[in-house]
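One structure below.
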């Protein structure tokens with residue numbers, strides 16, 4: 001027998017068509033259960049528990065299409081309709097309450113199946129006139145939203161991946177009294193002002209008219225009743241000893257008349273002046 005004859009006599013192996021396996025509704029001890037036991041007695045008033053496997057008819061259709069690796073743009077309506085109706089019948093046999101959307105989708109699949117069986121004119125043989133076009137559009141849109149929802153669910157979420165830490169503690173509302181200012185501290189601060197005033201002294205001899213009341217007004221204008229002003233800010237060292245002495249006397253007179261107050265945070269700390277509210 002020649003090689004050509006052997007080639008012609010070789011058996012032809014056809015590719016196995018994908019077959020659908022019946023989807024079990026439960027698994028007991030590793031064994032899938034596709035039918036409820038016939039001797040199972042369920043009282044009429046028994047508790048009914050409905051475990052939602054799909055979020056809607058589109059979710060069920062998308063599951064059936066992906067499980068068999070079908071092209072969503074070329075759906076075999078007859079096969080998908082048969083599988084869809086098998087799932088509906090199984091839910092009815094289990095006495096599970098069906099949502100109205102599942103029945104509406106079943107009617108839509110039956111309509112599409114019947115329209116595809118009818119002959120169509122040649123002018124309607126374009127893709128837009130395909131009876132499956134609307135169903136494909138809805139499935140693609142649902143798949144996009146489902147993918148977006150899954151991506152959002154993977155984001156870190158409060159009370160799931162991370163939690164707020166709240167610490168409650170009592171605040172100390174006690175106001176500590178300001179320390180009293182010793183006279184030696186005032187003299188030390190004034191001595192520092194005098195030392196800086198000597199740096200601006202010159203040999204010009206002239207009579208300067210210095211008014212204590214006017215200097216008291218200047219001190220009052222520089223002081224503030226909402227914030228503390230440094231003691232040194234009231235002195236203008238360029239005026240020399242006479243100017244800073246008059247300013248010190250004005251501050252002491254205002255302190256004596258209780259128009260200002262002098263505070264210090266601690267020994268050898270800066271001195272501040274504030275108007276009395």
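The values are calculated or read from the model by the stated rules, or taken from the named source; none is laboratory data. Keep in mind the model is a prediction, meaning the values are calculated, not measured. Positions of Cβ are generated from backbone atoms using ideal geometry, with glycine treated the same way; all protein chains shown enter the neighbour counts.
Quick notes
- Among residues of segment 195-223 being closer than 18 Å to residue 252 by Cα and outside any helix (DSSP H, G or I), the one that is modelled with the lowest pLDDT is 210.
- Candidates in segment 224-246 are the residues that are within 14 Å of residue 187 (Cα to Cα) and more than 60 Å from the chain's Cα centre (by Cα); of these, the one that is surrounded by the fewest Cβ atoms within 10 Å (Cβ to Cβ) is 245.
- Condition met for residue 83 (assigned to a helix (DSSP H, G or I), farther than 30 Å from residue 130 by Cβ and modelled with pLDDT of 65 or more): no
- Among (1) at pLDDT below 85; (2) surrounded by 15 or more Cβ atoms within 10 Å (Cβ to Cβ); (3) assigned to a helix (DSSP H, G or I), the one test that residue 142 misses: (1)
- Test: residue in segment 258-268 that is closer than 18 Å to residue 188 by Cβ, assigned to a helix (DSSP H, G or I) and modelled with pLDDT under 90: no
- Residue in segment 181-194 that is under 56 Å from the mean Cα position of the chain (by Cα) and modelled with pLDDT under 85 present: yes
- Residue 273 vs. criteria part of a strand (DSSP E or B) and surrounded by fewer than 18 Cβ atoms within 10 Å (Cβ to Cβ): no
- Residue in segment 157-168 that is at pLDDT 80 or above, in contact with a helix residue (DSSP H, G or I) (Cβ under 8 Å, 6 or more places away or on another chain) and surrounded by 10 or more Cβ atoms within 10 Å (Cβ to Cβ) present: no
- When residue 216 is tested against the conditions (1) closer than 15 Å to residue 276 by Cα; (2) touching a strand residue (DSSP E or B) at 6+ places or on another chain (Cβ under 8 Å), the lone failure is (2).
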